[in-house]
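Worksheet: one structure, shown below.
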Amino acid sequence: MDNLQTIRFSGNTLGVEASQTLAAALKNKTKLKTAILSDIFTGRLLSEIPLALKALCDAFEQIELTELDLSDNAFGPAGAEPLIDFLSNSKSLQTLRLNNNGLGIGGGTMIAKALQASADKARAENRLSSLRTIICGRNRLEDGSSKALATAFASHGTLEVVRMPQNGIRPDGIKTIVGGLAECKGLRHIDLQDNTFTAKGSKALAGALVNWPKLEVLNVGDCLLSKRGGLALAEALQQGHNKNLTHLHLQYNEIQADAVEALASAVKSHLKDLVHMDMNGNQFDAEADVVQTLTDALAAWDHEDALLELDDMEEPDSDEEEEEEEEEDEEDELVQEAEKAEEKEPLSKGDDKAEEDELVKQLKNTHI
């Protein structure tokens, strides 16, 4: 099969010998571009998976693969280590799908450092990174991996699609991630659904929107934006920097009527391509005049059906609860500033490499 361009082995169970044999057959397939290997280790021992992955990734390193999908393989941090060489050295990879792999903070950090190495090599060779899409939802990445991921995102700067839903990332991590993505000026799709923003993360996102004039899909549903955070985001959209938006997911975020009014103004002014808008589960009356104003604004662009049903609305929180959340955010920021002031000098590159090697060693001893 000299013209083999795509392989799809999803829903199977591959052992070490099968993977090594498959890798031997693939390494010379110079036209292979897409490898869909989601859910391929059903029932396999955790000790088998790294060896199988290593064989496959070594084969991919010898061809110009553009898309790799390893989603729904619960290999955890031990499965991240075999990907390092491939991710660090690939000059052609455009789409990386690592959804629902249980990477955790350690695995997420290893993947991030591998992507950072790839960006560094591209810069050293005076070429643009090929990476365009990263999908890594449901991996328990949390705040601990956010700094390394944000740095990698910023270093590539070419990302167009970033999807990181359901990762347990909290406001500080969101602020860090958004800061890194601000360097990706061509971003079209960002999905941070079901993480925790509060006012701090929401304001960081609002401030970053100016950097994404090509943004089409913004998904921050179930993110606890809060009353103030929702308003900050709506007012940022009102400024007109994101005129290409087609899908806006803001459900279950404690958003109140003042933010809806700002969104209606944004739609009326410039969001002419918005065809999908989810505001369900927020804290305003579905029968309020401002909802009709929003619907009329959408209808003016022939998108009267864009707003989804508002059938699960909540009662507004008291001002006291909102003020308490705001004070907690401010206190967190003050604590972080104090901690940074007391920090020692950062690790040298040599120390950082030694720390990474020790992490890999520990993971090997634990899982293999």
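The values are calculated or read from the model by the stated rules, or taken from the named source; none is laboratory data. Small disclaimer: the values here were computed from a predicted structure and weren't measured. Positions of Cβ are backbone-derived with ideal geometry, glycine not excepted, and every protein chain shown enters the neighbour counts. Surface areas here come from the heavy atoms of the whole protein model, side chains and all, with no ligands, DNA or RNA. Shrake-Rupley method; radii C 1.70, N 1.55, O 1.52, S 1.80 Å.
Any chance region 34-47 includes a residue that's at pLDDT below 95 and in contact with a His (Cβ under 9 Å, 6 or more places away or on another chain)? Yes; the residues of region 34-47 include at least one that is at pLDDT below 95 and in contact with a His (Cβ under 9 Å, 6 or more places away or on another chain). Do you know which residues across region 94-116 are open to solvent by 10 Å² or more (accessible area, probe 1.4 Å) and either hydroxyl-bearing (Ser, Thr, Tyr) or under 15 Å from Leu56 (Cβ atoms) (or both)? Thr95, Arg97, Thr109 - these are the residues of region 94-116 that are open to solvent by 10 Å² or more (accessible area, probe 1.4 Å) and either hydroxyl-bearing (Ser, Thr, Tyr) or under 15 Å from Leu56 (Cβ atoms) (or both).
Residues in region 204-232 that are within 15 Å of Ala182 (Cα to Cα) and part of a helix (DSSP H, G or I) were compared, and the one that is most open to solvent (accessible area, probe 1.4 Å) is Val210. Flag set for Asn242, criterion: assigned to a loop (DSSP other than H, G, I, E, B), under 23 Å from the mean Cα position of the chain (by Cα) and without any contact (Cβ under 8 Å) to a residue 60 or more places away in the chain.
Residue-level check: of (1) open to solvent by less than 10 Å² (accessible area, probe 1.4 Å); (2) more than 25 Å from Phe75 (Cα to Cα); (3) outside any strand (DSSP E or B), Ile190 misses just (3).
Can you tell me which residue in region 34-50 is farthest from Asp85 (Cα to Cα), limited to those that are open to solvent by 40 Å² or more (accessible area, probe 1.4 Å) and free of Cβ contacts under 8 Å to residues at least 40 places away in the same chain?
Result: Gly43.
If the condition is being under 15 Å from Asn139 (Cβ atoms) and among the polar types (S, T, N, Q), then region 75-129 contributes Asn99, Asn100, Asn101, Thr109. Going through region 1-18 one residue at a time, which ones are under 18 Å from Thr34 (Cβ atoms) and part of a strand (DSSP E or B)? Across region 1-18, the qualifying residues are Thr6, Ile7, Arg8. Checked against (1) over 15 Å from the mean Cα position of the chain (by Cα); (2) closer than 16 Å to Ile36 by Cα, Asn101 passes all but a single condition, namely (1).
Using the structure shown, decide if Thr196 is in contact with a helix residue (DSSP H, G or I) (Cβ under 6 Å, 6 or more places away or on another chain), over 25 Å from Lys272 (Cα atoms) and modelled with pLDDT of 95 or more. The answer is no for Thr196. Looking across region 258-306, the residues that are open to solvent by 80 Å² or more (accessible area, probe 1.4 Å) and among the charged types (D, E, K, R) come down to Glu261, Lys268, Lys272, Asp285, Glu287, Asp289, Asp296, Asp302, Glu304, Asp305. Candidates Asn280, Asn253: the one that is farther than 29 Å from Thr158 by Cα, out of contact with any helix residue (DSSP H, G or I) (no Cβ under 9 Å at 6 or more places or on another chain) and assigned to a loop (DSSP other than H, G, I, E, B) is Asn280. A count restricted to region 72-92 and to residues that are open to solvent by less than 10 Å² (accessible area, probe 1.4 Å) and either in contact with an Asp or Glu (Cβ under 8 Å, 6 or more places away or on another chain) or within 16 Å of Lys31 (Cα to Cα) (or both) stands at 2.
Evaluated against (1) of a type outside the set (Ser, Thr, Tyr); (2) crowded, with 19+ Cβ neighbours inside 10 Å; (3) farther than 30 Å from Asn126 by Cα, Leu181 falls short on exactly one condition, (3).
Go over the candidates Leu248, Leu310 one by one and state the one that is in a loop (DSSP other than H, G, I, E, B) and modelled with pLDDT of 95 or more.
Leu310
Looking at region 239-248 only, could you name the residues that are of a type outside the set (A, V, I, L, M) and crowded, with 20+ Cβ neighbours inside 10 Å? Across region 239-248, the qualifying residue is only Asn242. Filtered by the rule that a residue be out of contact with any Lys or Arg (no Cβ under 8 Å at 6 or more places or on another chain) and part of a helix (DSSP H, G or I), region 134-158 gives Gly144, Ser145, Ser146, Lys147, Leu149, Ala150, Thr151, Phe153, Ala154, His156.
The single condition from (1) closer than 20 Å to Gln116 by Cα; (2) open to solvent by less than 50 Å² (accessible area, probe 1.4 Å); (3) in contact with a helix residue (DSSP H, G or I) (Cβ under 6 Å, 6 or more places away or on another chain) that Pro171 fails is (1).
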